[in-house]
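Below is one structure, written out as structure tokens, with a few remarks after it.
The values are calculated or read from the model by the stated rules, or taken from the named source; none is laboratory data. As the structure is a computational prediction, the values presented were derived from the model and not from experiment. For neighbour counting, all protein chains shown are included, and Cβ atoms are generated from backbone atoms with ideal geometry for every residue, glycine included. For accessibility, only protein heavy atoms count, side chains too; no ligands or nucleic acids. Shrake-Rupley method; radii C 1.70, N 1.55, O 1.52, S 1.80 Å.
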Amino acid sequence: MRKNIVAGNWKMNTTLTEGLALAKELKAALQGKDIKCDVVLGTPFTHLASVASELKSTKIGVSAQNCANKESGAYTGEISVAMIASTGAQYVILGHSERRAYYGETNAILKEKVVLALSQGLKPIFCIGEVLEEREAGKHFSVVEAQLSEALFDLSSADFSKLVIAYEPVWAIGTGKTASSDQAQEIHAHIRKTLAAKYGEAVAQNTSILYGGSCNASNAKELFANADVDGGLIGGAALAVDKFLPIIEAF
Ligand code: PGA
């Protein structure tokens, strides 16, 4: 059975001291609680080792937000998957719309990153989603299909099974505009159908598909109640425990 996951994406926020304090506070808040989902913190690269060490004896996972599309070598400023794995992190967010829009990450580049991440045993949280004009033109289904097939569909079914998918409509990210519960369910079901057509029903049913985009304490319960929404990728609301905890407890 697929897992329910609530993953925080801190983006380029918090200093090391602040990030570590946030991780400690969340750890304390979850202590002794019966949590019904996996929890992951996507921290800046600089925080990974400290946060992973702080969370070592807990069930809270740690994720990078990006990785290089090269294995190692003369790529000044880049961070390899081996470096990420060596910090103790278990996940890497790939294909976030901000990476696609501001850093020119194409499906072809992301395909390389996914293969590298898997080679180090990292679990990619792979983001897909349409921009507003595509949604308004009714192209959202074909946009996510193309993102999946161009970046991921050369993977074997065994490798694909290691991925988490995050559907994040770009128009909902950081805007306060959330996809309605029906819109989320509709496209998540479509994504699952697309996965089933490629990898079969069993793989599709076992893949966690998270929703992201202005998910918060007030809408998480309704979004997560949908049959095909298996959790959330949370930006703004992951930066404070009093906002993040109710989302985790929405399961
Ligand atoms: P948001 O960001 O929750 O602040 O909208 C989500 C994301 O970008 O992953």
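Report the one residue of 81, 61, 143 whose Cα lies farthest in the direction of the positive end of the charge dipole of the chain (charges on C-beta: Lys and Arg +1, Asp and Glu -1; origin at the Cα centre).
Value computed over the given set: 61.
Using just the alpha carbons, could you tell me how many Å³ per residue the convex hull of segment 81-176 encloses?
Numbers: hull volume 10.0 nm³, N = 96.
Cα convex hull per residue, to the nearest whole number: 104 Å³.
Dipole size in debye (nearest 20) for segment 168-216 around its Cα centre, Lys and Arg Cβ +1, Asp and Glu Cβ -1?
Approximately 100 debye in magnitude.
Within straight cross-link reach of residue 36, meaning Cα distance under 28 Å, which lysines are found once same-chain residues fewer than 8 apart are removed?
Within the straight-line limit of under 28 Å, residue 36 reaches these lysines: 3, 11, 24, 27, 56, 59, 123, 162, 177, 193, 221, 243.
Rg(Cα) of segment 203-251 divided by 2.2 N^0.38 Å? Intermediate values should be presented prior to the final figure.
Numbers: Rg = 10.8 Å, N = 49, 2.2 N^0.38 = 9.7 Å.
Rounded to two decimals, the normalised Rg is 1.12.
Going toward the positive end of the dipole of segment 94-134, with +1 on Lys and Arg Cβ and -1 on Asp and Glu Cβ, which of 103, 114, 132 do you reach last?
114
When the dipole is taken about the Cα centre of segment 105-251, and only Lys, Arg (+1) and Asp, Glu (-1) are charged at their Cβ, what size is it in debye, to the nearest 20?
It comes to approximately 260 debye.
Could you give the accessible area per residue of the chain, probe 1.4 Å, as a whole number in Å²?
Here the residues of the chain average 44 Å² of exposed surface.
Give the long-range amide H neighbours of residue 8: residues separated by 5 or more places, or on another chain, with amide H under 5 Å away, using H modelled in the peptide plane at 1.01 Å from N.
Answer set, sorted by chain and number: 40, 41, 42, 234.
Among all stretches of the chain without exposed trypsin sites (Lys or Arg not before Pro) (DSSP loop, at most 16 other Cβ atoms within 10 Å), which one is longest?
The reported range is 178-251.
So what's segment 1-121 giving for Rg/Rh, alpha carbon basis, Kirkwood Rh from the mean inverse pair distance?
0.98
Work out Dmax and Rg for the chain from the C-alpha atoms and quote the Rg first, both in angstrom.
That works out to 16.8, 48 Å for Rg and Dmax.
Normalised by the residues of the chain, what does the relative contact order come to in percent, with Cα pairs under 8 Å and at least six apart?
Normalised by residue count, the contact order of the chain is 22 percent.
To the nearest 20 debye, what is the magnitude of the charge dipole of the chain about its Cα centre, counting +1 on the Cβ of each Lys and Arg and -1 on the Cβ of each Asp and Glu?
540
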